[in-house]
Structures are given as structure tokens and as C-alpha cells.
Amino acid sequence: AGLNPEVNKWSMVFDFNDESKTGKNFKIMSLSEYSENSWFPVGSECERAVPLLEGEVAAAQAYKLVPENTTGGGTGGAGMSFSFNTSQEDAEKAVAQSEAATPPTPPPTAAEVVPPPPVASCTTIAVGTKVEARFGKGTTWYLAIVAKVHDDGEKFDLDYLDGSKETKVLKEFVQLPVKRTVGWNPNAAKAKAEARKKSGEAAPSALGSDPTAGLKLRAIIEEEDRQTAVKEAVASSPALELIYFDAKGVIEPSRMMLSLVGVKYTDTRLPLGDNFELPGFADKKAEGIFTMNLDKVPILKIGEDQSIGQSKAIDRYIANKFGFLGRNEMEAAQIDMWCEHCVDIKKSYADAKKGKEKGSEDLEVAKKEWLTNKLP
């Protein structure tokens, strides 16, 4: 921000969470509070965060660094500094008084104008170089990293620091970062805000070239968190056993989810005859294996002493545990919605075939009618 690291600037910081300047959040240490036992985060050899100067001496040094205004029209508040105990209202009054009292500075003559430093040629820019670019061929420069160089430096693929991307940006819209002096004029900012309010113009986005970048970044972070949680869940998963017939049926979604995330589980498949006979099922039932699920399957055994019945309950347990239930509550609700849609469609198809003999013309007509007029 153009600050001189040799002079402490904390006394000029305005704490917007403490407009009354009570010093509740931070303050400048006095010499009486400083001792040889003071703690330095990066070691005693670092530059001291608090200058060993009395307040007036430190302020005098700071005022020496205030840049002269070369834009005309007074200081505009850009070069003024205030003590730690100055309120925002008093600071604004001081700025207004300064502007009224300071005569306009005449514009520089042609001989006095200092040309800006030359911008490095794009031919020196390679992949990985940090650059500035005018996103969308606009007027504002944004920081980016070069991802790819095209046509011997005539065009560039750029990854902006806010998450946006552009491809094949012409070299006239790209340059190496230029050092700038940054200042804030509260009166000018207020005037611009009032002008925007009157014209209906939207306020500039704080998210850079893409106003949706914050949402995109949040989605990326949520997805990274989800993937990390899935890996931890897989690594720490107890022993799992799925018990169902030797068929796909209602438990196949659970089998697929476990396979997709790489969970090792025991896939116990009970015999199923060609005509849906259940050899050995009565014996298993007599052993009480299926009692907790009303003598039905599927069942998911978890560890040594826990079990879950009902296919949809098993599906939701596995989906929730291993990252198939979305990144947030809304996505989870949407996934539930589509699952229930599938249940309704399946039931509607079964109802259409009900009472129709297999292979009969009535069955074929009913299926065609359902597919043509009733399938959502």
C-alpha cells in the first residue's frame, strides 16, 4: 500500500469495529509498558512492531512521509493522518477544512511530467508468471497467473486469483504487475457512491472480475471438505456385510455406492431359484437373523453388534456416510426428492402391469400405454 516499513503506522489505522476509539481491540504500547521481556512472534531479532519513540516524535516522522498532492484540488484527505483517539466524525471534519483551506495545485507543465515506468514486454511472460490483465477487455486490471502461452506470446490463458479463468487473452490486455501508490479519499468515495445512487448504477463488486467468484470458491471448499470426509470415513469404516438375494433388486444402489468409494464389505447373497424359490431362507429365518427387519432382507450388518433393515434406510445410511448425499442440506433434500420420484415411477409401472398375464397382448398394450402417456 505504499507504506514505509521503517515507520510504524498502527497509529493511523482506523478500527471500524471501534469507531469511538476506545482501544478495546488493539492499542499502541507506551514506553512504560515496553520491557526487555516483550514477546516477538518471529524472534527477538525481528524488527520491533512498536517504535521506541514518544507519540509526538513518531507522529513527526510519519508526517514527513505524507506524499505531496500532484493531482490538483487540495489534499482530498489522501495524505492526512490522525491520532489513535481521533473519531471518524472529527477526521471527516478535518479533511473538509483542509480541502477548503488549501488552494488548488496548478497542473504540472509538460517538462515536469514524469513518464510512467515502462511495462515489461509480454515476450518475457511465461507459464506461471504473475501478471495483471483486463478481464473481459474491460478497464480494470486484475491479478492472474499465466496458465498457457499461445502463438509465441501473442495470447495467454489466465487463472485469476479470484477463481475466474480466461483463454487466449490478447497480449495488449496483459502486463506484468505495476507498482502503484494506494490512497483512499473518503470524500471522493462518498461522492461516487451518491452519484451511483442517483444514476442507479450498481456498486462495484468486491469479488474482482467475477461477481459469483465467492460462491464458486465456497463450492470448491465444500467439495474439498466432502472428499476429505469421505476418505476419512472409508479409512475408519467398521466391517460391513450386506445380506440380500443373489440378484440386483432393491439393494443394488447400496452395492454400487460401496464399490465406487472403495469400501471393502462382505456381499452375502442368499440363493434364489429360477421361479423365485428361496432355498435355505426358512432355516436362516428360524435362526433369528432377520428378526430385526420383520423377517425380511436386505440387511446391513455394521461391525459386531449393529444392523439396519429396509433398503431405503440402508441406501441413506451409506450415502450419508460416504459422501453421496450432497454437500449441504439443500443438495441432500434434492437427492431425496429424486429418489422418491424413482419410487413413484416404479410403483406406477408396476400398477400398469398388475393383473396382466406375462407374454399376453394385454400386458404389451398396457406397457405401451404407460410408456407413451404416463411415464413422466
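Side notes on the structure shown:
- Counting charges near Leu258 (Lys, Arg +1; Asp, Glu -1) among other residues having Cβ under 9 Å from its Cβ returns a value of +1.
- Centre-to-centre, using Cα atoms only, region 124-147 and region 343-361 are separated by 61 Å.
- Debye equation applied to the C-alpha atoms of region 250-376, log10 I(q)/I(0) at 0.13 Å⁻¹: -0.78
- Extending 7 Å from Cα along the Cβ direction at Ser236 and again at Leu170 yields two label points whose distance is 5.6 nm.
- Protein accessible area in region 214-319, 1.4 Å probe - carbon and sulfur %: 55 percent
- Pairs beyond 19 Å (Cα-Cα), from Lys296/Lys353; Lys285/Lys354; Lys346/Lys368; Lys312/Lys346; Lys346/Lys367: Lys296/Lys353; Lys285/Lys354
- Sequence-distant contacts, meaning Cα pairs under 8 Å at least 6 residues apart, place the relative contact order of region 289-376 at 13 percent.
- Charge dipole (debye, nearest 20) of region 210-362; +1 at Cβ of Lys and Arg, -1 at Cβ of Asp and Glu: 60 debye
- The listed peptides 352-359, 224-231, ordered by packing as a protection proxy, come out as 224-231, 352-359 (highest mean of other Cβ atoms within 10 Å first).
- Solvent-accessible surface ranking, highest first, for His150, His341 at 1.4 angstrom: His341, His150
The values are calculated or read from the model by the stated rules, or taken from the named source; none is laboratory data. Quick caveat, the model's predicted, so the values are computed rather than measured. Every residue, glycine among them, receives a Cβ derived from its backbone with ideal geometry; neighbour counts consider all protein chains shown. Just the protein is used for accessible areas: all its heavy atoms, side chains included, with ligands, DNA and RNA removed. Shrake-Rupley method; radii C 1.70, N 1.55, O 1.52, S 1.80 Å.
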